[in-house]
Every structure is written in structure tokens, then in C-alpha cells.
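Beneath this line is the structure, given in C-alpha cells, with notes to follow.
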Amino acid sequence: MKLLEERIISEGKALNGEVLKVDGFINHQVDAELMKEIGKDIAAHFSGRGITKIVTIESSGIAPALMTALEMDLPMIILKKAPSKVLNENLAHTVVTSYTKGTSYDLTLNRDFMSENDHVLIIDDFLANGEAATGALRLLRSVHATIAGISVLIEKSFQPGRSKIESQGIEVYSLARIARLDKDIVEFKA
């Protein structure tokens, strides 16, 4: 998506070979108009595939997932990174290890909102090593939902995330694929 690539070049900050900061328009301050266009793009790509729900992992995937859900007229489910103190009945969960943060967390899903009749699209902000996406897949499969695909805003193509997901037979649709990242350098995959 050219619009997203342009924003990454103009406003993103490549700190090193692994860290790209996009907090001015995706992670901390969210550009609603950009998210609206992202939602339209993802919805158009996955149109006609029988998707029943949009799923994301809190928190940076919420804005693009919500805009996609709005565009597709579908409900959005948020996978939580920690069980609620009051809403902890009927939860499915799995453990995910975050490569970026070097920590593990429980990823949870309320079974009341997902069933074997659901065909879901997972949306997230980044795909790098694929740990979060793999955890989401594991969690959704545990409740017997089927997966239409995974869409990410930014993919670090030089890391193994895509191959981990595709090796499970899942389509990965990335709006911006980074081939090379280094201090002050962002190169997109052609």
C-alpha cells in the first residue's frame, strides 16, 4: 500500500536493523484517516471469502481491525494479553513469547464470542518473527474456528514470520513489506 509506505518513509524512525518506530501514526498516536484507508484495502483484498469475524491482538492492531470490521460490516474480537479479573469465565488461552519484549504472556479469548462456525481474519500491526500470529492461530484453532488469512500493516520480510504462517497453510497479506531495515534506512520489498 503506497500510502502506508510513504508514511513510513516520511514519519517512521528506523532505529536499527530490527526496530522501526511508527508511533506517530500507528502505535501511540493513531491517524484515523490512514486507518480508514487501511481498512478499505484489507476489506477489498479479503472480500467474498465468507469471513464472519475480524480478530486482533490488543493493542496496536485494534484501529486497523476496527476499520476493516466497519468496512466489512462484521464484529471485531480482541484477543486479550491478560485475563480480566472479572471476566475470566469460559476463556480459551495460550502462552505467547514476545520476541520484541523478551517476555511471555497469556493470550485469551472469550469462548462466548467464537465458535466452529466462524471463519476469521486476523489483523495486526507488525509481523516479524510470527510469535503473536502463531499464538492467535493456536488460540482460534482451539475453539475450532477456521482462518481466512492474516493481514498485517508492516511486515519485516527479513524475519521468519511469513514463512511460519504460510507453512501452516495461511495466507499473509501485508500492506508494507520491509526488505531491509537499518539505522535511518527502510527499504521495501519489490
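The values are calculated or read from the model by the stated rules, or taken from the named source; none is laboratory data. Computed from a predicted model, the values in this text were never measured in an experiment. Glycine gets a Cβ as well: all are built from the backbone with ideal geometry, and neighbour counts include every protein chain shown.
Annotations
- Residues satisfying the criterion are absent from region 51-63 (criterion: of a type in the set (Gly, Ala, Ser), at pLDDT 95 or above and surrounded by fewer than 20 Cβ atoms within 10 Å (Cβ to Cβ)).
- Whichever residue in region 85-127 is among the aromatic types (Phe, Trp, Tyr) and touching a strand residue (DSSP E or B) at 6+ places or on another chain (Cβ under 9 Å) and, among such residues, is farthest from residue 171 (Cα to Cα): 105
- All of 51, 9, 26, 42 fail the test of being among the β-branched types (Val, Ile, Thr) and assigned to a loop (DSSP other than H, G, I, E, B), apart from 51.
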